[in-house]
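Reviewing the structure listed below.
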Amino acid sequence: MEDTREVSAELQRLADATPLDQFDTATVLARGRRGLRRRRFLKAGGVISGVAAAALVVTLIPHFTATGNDPGVAGTQPDNSQFSSVAGVPRGEEGAGQRISAQEAARRCALRYPSTNGSMKGSTGFRSVSSQIYISKSRARTQLSPFCTIPGGDKPSAALVAAAKADPLPKDAAGQLRNCSVSAWVDMTKWHILVSDRLSLDEKNYRGFSRELLIAASPSGKTVIACQLPADQIQGAGYGWGVTAVRLDDLGTDYPRIEWPDGTFGKEIATILPEGTDCNGAVCGRSLPTGWGQAPANTAKVVVQIGSGPGYEAPLKDGWYAFTALDKTPHSNKDPLKVRAYDKNGNLLSKLYPEK
């Protein structure tokens, strides 16, 4: 067992050495105000009532390699010298999706944001590589609570952080995996992108909504990470926001379940990824339904719809799907979000978002 003083010294060294950007209250407040317009209607029963769910079944993914002609596999990879270890956290995928205590989550957030002395909101249910509310003890109660993506065990170098900042919404797989690695503090550069969806908007009033959502699998197939880009525009907390690791061999029981056509709820576990915008009271002018997961094996298409608005067919590959769409149709905040899986004959297989 390491001496406590040695561990403390190592933690201090990590906190002092090449820290990532600290929380800037003014910046966080500015981003929060922008994000508030996007999420004001996200309440229970809202257009996207706090959850845009995606089914995840307990199935490990076949092993992948980082070579070959699959466009979802990054070609030129940064080597591991661009990442350093984090005291007390396993390297690679072993540091992603770990069940940890609130105290350990706060310790890791303090390492990520060295000038803070904060605590996590809540006491249980924390996992590494998930976005959670992290409250600094030195800030006033009226200030916006910042969010911390609880890091894994691979701290990105300053050069890697700078590269991600310079190209926040890359189009190539290597750049996307690099940026997700920076968000997660997990070396994902040799992971495989299972499926992705990109929302590119050049219209003047919509440019700030451009984004990418992808699901990447580890070479072992035991872990997936869902990642939204650009990372600095994602303001929210909870499983599904920003970047989220899921251990397929260690799924939790505190997630909502998908709903089958007969109204029963299955064992499949859902993840949560909400987004919305431009609400004035009970009416939302535009919505950004966003979600990801794994549909039943015989799924031919996944359709996303808010109320009676237009349906959006989510990208689907090998049972995995991801969507980030824009619905310009005005909706009441009571209009339900529907994410449904259909077979090749158009028959409903399951409701990937609980509709009750």
Among the residues of region 83-119, count how many are among the aliphatic types (A, V, I, L, M) and in contact with a Phe, Trp or Tyr (Cβ under 8 Å, 6 or more places away or on another chain).
5
What tally of residues in region 297-306 results from selecting those that are at pLDDT 85 or above, within 12 Å of residue 350 (Cβ to Cβ) and part of a loop (DSSP other than H, G, I, E, B)?
2
Would you say residue 274 is at pLDDT below 85 and out of contact with any Gly (no Cβ under 8 Å at 6 or more places or on another chain)?
no
Residue list for region 152-181, restricted to those being within 11 Å of residue 82 (Cβ to Cβ) and not in a helix (DSSP H, G or I):
154, 155, 156, 157
Please work out which one of (1) buried (at least 22 other Cβ atoms within 10 Å of the Cβ); (2) not in a strand (DSSP E or B) is the condition residue 341 fails and give its number.
(2)
If you check residue 224 against the conditions, is it surrounded by 19 or more Cβ atoms within 10 Å (Cβ to Cβ), modelled with pLDDT of 90 or more, farther than 23 Å from residue 163 by Cα and of a type outside the set (Asp, Glu)?
yes
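The values are calculated or read from the model by the stated rules, or taken from the named source; none is laboratory data. Just so it is clear, the model here is predicted, and its values are computed rather than measured. Please note: Cβ atoms are built from the backbone with ideal geometry, for glycine as well, and neighbour counts cover all protein chains shown.
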